[in-house]
Amino acid sequence: MKQKVKYVFFIILLMVSFLAAEEYQQKSARSFTLTASGSVDLANINGEIEITTTSGRTVNIKVVKKSDYKGEIENVEIIFEADKDTLKVNTKYNKKNTKAKVDFTVSIPEKLAQAGFKSVNGEIDCSGQFADLTLKTVNGKIDFQGEFQTGTFKTVNGTIEIVQEPLLSGDLRVSTVNGTIDIELNRKSAFEVEGQTVNGSIDNDFGLQVSRHFIGSSFSGKVNGGGHKVKLETVNGRIKLSKI
């Protein structure tokens with residue numbers, strides 16, 4: 001009898017654990033039209049951001065709110081402010097200690113004049129053709145593949161990976177504190193690079209000399225005669241600059 005009671009109790013515990021692990025979601029979508037000289041700025045707190053580009057002038061945003069607790073989803077508000085030139089999207093938590101997450105999937109017009117995306121806790125995955133692009137997060141990886149005219153990529157705790165096959169056409173700044181930096185650029189790109197790390201190695205395929213100091217390493221130099229500015233900084237992690 002005792003064995004049977006233990007078995008039933010174990011089954012109940014499993015059912016409770018399964019129910020507790022259930023994830024609640026709330027999905028929504030919005031679309032906006034911007035001029036070619038327009039801008040998009042999106043700020044998230046907890047959750048991933050995925051960005052792509054497409055032809056046309058439409059910005060499409062899909063939002064997925066997630067939580068293990070159904071009531072918490074209602075505590076998260078997505079605020080849209082838009083006109084013909086500007087779109088601002090902000091995530092607002094109306095109650096403290098809300099553990100809900102928000103994932104954004106965003107498609108913006110190719111080479112829109114300005115695009116900025118930031119998060120606090122979450123990865124940013126970005127691909128496509130951009131003009132002025134800024135990606136920032138605090139805790140999370142940044143992954144970019146495509147083309148930008150000027151690019152700023154920053155995180156605190158996370159790696160940054162950038163692949164740009166077309167010729168570099170503007171300045172690039174990349175920085176992290178705890179994480180590696182991996183950059184792949186077109187071998188024919190003309191730029192002047194400056195990079196440094198405190199705890200980590202530096203490798204490059206462009207034949208630039210690396211200086212190793214008592215604390216940290218650095219490198220600098222011109223590639224293909226110089227031109228656009230490339231600045232790479234990390235504290236705890238390696239830097240690798242490769243050519244495609």
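Quick notes on this one:
- Entry remark, region 162-178: residues being surrounded by fewer than 17 Cβ atoms within 10 Å (Cβ to Cβ) and without any contact (Cβ under 8 Å) to a residue 24 or more places away in the chain number 2 in total.
- Residue within region 136-149 that is touching a strand residue (DSSP E or B) at 6+ places or on another chain (Cβ under 8 Å), more than 25 Å from Gly225 (Cα to Cα) and among the aromatic types (Phe, Trp, Tyr) present: yes
- Subset of region 199-244 [more than 20 Å from Gly146 (Cα to Cα), in contact (Cβ under 8 Å) with a residue 24 or more places away in the chain, exposed (fewer than 15 other Cβ atoms within 10 Å of the Cβ) and among the hydrophobic types (A, V, I, L, M, F, W, C)]: none
- Residues in region 7-36 that are more than 27 Å from Glu72 (Cα to Cα) and at pLDDT below 50: Val8, Phe9, Phe10, Ile11.
The values are calculated or read from the model by the stated rules, or taken from the named source; none is laboratory data. Everything numeric in this text was worked out from a predicted model, so none of it was measured. Counting neighbours? That spans all protein chains shown, and the Cβs are built from the backbone with ideal geometry, glycine included.
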